[in-house]
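Where a number appears in this text, it was derived from the coordinates with a stated rule and is not lab data. This one's a predicted model, so the numbers in the text were calculated from it and none came from an experiment. Glycine gets a Cβ as well: all are built from the backbone with ideal geometry, and neighbour counts include every protein chain shown.
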Amino acid sequence: MISINRSFILGSLFSLVASSLLALPADKAVILASVQSELQQRLLSEYPFLNDDDLQITLNSSALVIADDSNFSRAKVRYPSHNKVLGRLSLPVFFYNANEELVVTQHVISNADAKATFYYLKDKAHRYELVDKGLFESRLEWMYGQPDRAIRDIGLVSGQEFKYRVSKGSILSSDMLQAVPVIRCQGKVFAILKSGGVEVKAKAVALEDGNQGDLIRVKALLSQKELQGRVMDDQTVFVTFLD
């Protein structure tokens, strides 16, 4: 089991690896340095809030055997088509001879993780409760196995609300939250209807939450008729469909 730091890659070697990640000399050190660099770049691309010091990439190269008398001319490493490389990966390494014939396939096993800040609820949160930094304690922890949608910056979701009740100790994630709706379900609104140049304004009650531009259902208080309209502001719904 070995761990290679990115600084291991010398200038000339890095230039060679960076120019062609798929075609490499059949040299174990070059291959491992290339894998290390590629996984690091994928992690930083997938999680832009990370930096080099947050990463831990360990490579198991025990299955990568290059004998002195081997006829390997070059090697190719196959990577996933995505950047989600946290956790354990088995990366196939294909070795070719001078005639471009595949000689053997071996593997490098990678284990990648990174440290990031997670926000834990100090106490349970109620439905529609607003997000506030004081509700959480922050912890620096390894990312693998944690929620993919965990919030990294509370400032970006400040003023949003919880969609449902959340238990104490839960990690804050985006699927728990929603923007505070302009119109709340069961809130009083005005339904605006236009027909033949005549505009009618009727008192109604919202039957669902809605933000500006959303289509929501409302019920006219006088006729008890259910209508559908587009939210214009916090008091007005422009009726577009009549049931």
Helix 28-46 versus the longest principal axis of the chain: what is the Cα-based angle in degrees, 0 to 90, to the nearest 10? 10 degrees
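Sorted by packing (mean other beta-carbon atoms within 10 Å per residue), highest first, where do 176-184, 65-73 land? If you can, show how the numbers build up before the last one.
Numbers: 176-184: 17.7, 65-73: 11.0.
Ranking the peptides 176-184, 65-73 by packing returns 176-184, 65-73.
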Of the candidates Leu24, Gly159, Ser174, the farthest towards the positive dipole end of the chain (Lys/Arg Cβ +1, Asp/Glu Cβ -1, centred on the Cα centre) is Gly159
As a test of the formula, what do you get for the chain when each DSSP H run with n ≥ 4 contributes -39,500 (n - 2.57) and the sum is divided by the residue count, at 222 nm and rounded to the nearest 500 deg cm²/dmol? -3500 deg cm²/dmol
Just order 101-107, 188-194 by mean Cβ neighbour count inside 10 Å, highest at the front, would you? 188-194, 101-107
Explain nothing, just compute: Karplus ³J(HN,Hα) = 6.51 cos²θ - 1.76 cosθ + 1.60, θ = phi - 60°, for every residue of the range 221-227 in order, whole Hz, x for Gly and Pro. 5, 6, 8, 6, 7, 8, 10
Hey, got the dipole for the chain? About the Cα centre, +1 on K and R Cβ, -1 on D and E Cβ, debye to the nearest 20? 980 debye
Two pseudo-spin positions, 7 Å from Cα along C-beta at Glu46 and at Asp233, lie apart in nanometres by 4.7 nm
With a 24 Å threshold on alpha-carbon distance, the violating pairs from Lys122/Lys163; Lys163/Lys201; Lys201/Lys225; Lys115/Lys163; Lys133/Lys188; Lys163/Lys194 are Lys163/Lys201; Lys115/Lys163; Lys133/Lys188; Lys163/Lys194
If I model a spin label as a point 7 Å beyond the Cα along the Cα-Cβ vector, how far apart are those points for Val30 and Gln186 in nm? 7.1 nm
Between Glu46, Glu199, Glu226, where does the largest GNM mean-square fluctuation fall for the chain, given springs only between Cα atoms within less than 10 Å? Glu199
Distance from the range 114-188 to the range 52-110 (C-alpha centre basis), Å: 40 Å
Treat the count of other C-beta atoms within 10 Å as a stand-in for reagent exposure and order Glu38, Glu137 from fewest to most. Glu137, Glu38
Listed residues Leu135, Phe72, Gln36: farthest to the positive end of the dipole of the chain (Cβ charges): Leu135
Over the chain, with a Gaussian network built from C-alpha contacts below 10 Å, which listed residue (Ser34, Ser61, Ser195) shows the highest mean-square fluctuation? Ser195
Got a sec? Charge dipole of the chain, +1 on Cβ for Lys and Arg, -1 for Asp and Glu; which of Ser223, Asn99, Ser61 is way out at the positive end? Ser223
Simple Cβ-charge dipole of the range 188-242, Lys/Arg +1 and Asp/Glu -1, about Cα centre, in debye nearest 20: 260 debye
The chain, Gaussian network, Cα under 10 Å: of Gly229, Gly87, Gly196, the residue fluctuating most is Gly196
